[in-house]
Amino acid sequence: MEILPGRDGKLSVQDVLACAQRCRDSGGAEYLTRPALVCIFFPTESGTLCSLEELEALSAVCRRFGMMLFADGARMSYGLMADGCDVTLKDFGRLADAFYLGGTKCGAMFGEAP
């Protein structure tokens, strides 16, 4: 498993692309592990938002290399309503393979919505 460095709590599309290309070009046996999931947090622990352009680019890299894109949405309701956010819930539905909406960190009594 390779953990990529983040900047402001976010993965860069270039780092994900480079990792996927290294794995593809390694010449290793096909039964060896390969990157299969990209996990992002929206927003990040520090409140950084992923732009629609970044989300579309990450999704494209994942699809190109057969990886899944998962968005951890523990704080998603805050992110979607933040000033400057250009991502919608429909965008996550279109671009991510899986995501969830966190309720407990937004004042809900219980539960999450996968």
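Residues MET81, MET76, ranked from the fewest to the most other C-beta atoms within 10 Å, line up as MET81, MET76. Please return the longest stretch of the chain lacking exposed loop sites, where chymotrypsin sites (Phe, Trp or Tyr not before Pro) count only if DSSP places them in a loop and at most 11 other Cβ atoms lie within 10 Å. Between the exposed loop sites, the longest stretch runs 32-109.
Applying a DSSP loop filter and a limit of 13 other Cβ atoms within 10 Å to the GluC sites (Glu not before Pro) in region 14-75 leaves GLU30, GLU45.
Distances between placed amide hydrogens fall under 5 Å for PHE41 paired with ASP72, all partners being 5 or more residues away or on another chain. Close amide H partners of LEU69, meaning residues 5 or more places away or on another chain with modelled amide H under 5 Å apart, are VAL38, ASP97, ALA98.
Each DSSP beta bridge with both residues in the chain is either parallel or antiparallel, and the antiparallel ones are about 30%. Report, to the nearest 10°, how far helix 13-25 tilts away from the longest principal axis of the Cα atoms in the chain, using its own Cα long axis and a range of 0 to 90°. Computed tilt is about 30 degrees.
With each run of n ≥ 4 DSSP H residues scored as -39500 (n - 2.57), what mean residue ellipticity at 222 nm is computed for the chain after dividing by its residue count and rounding to the nearest 500 deg cm²/dmol?
Using -39500 (n - 2.57) per qualifying helix, the result is -9500 deg cm²/dmol.
Counting every Cα pair in the chain, what percent are over 26 Å apart? Tail of P(r) above 26 Å: 22 percent of Cα pairs.
Every number here is computed from the coordinates shown, using simple stated rules; none is lab data. This structure is a prediction, so every number in the text was calculated from the model and none was measured. When we count neighbours, we look across all protein chains shown, and the Cβ atoms used for this are built from the backbone with ideal geometry, even at glycine.
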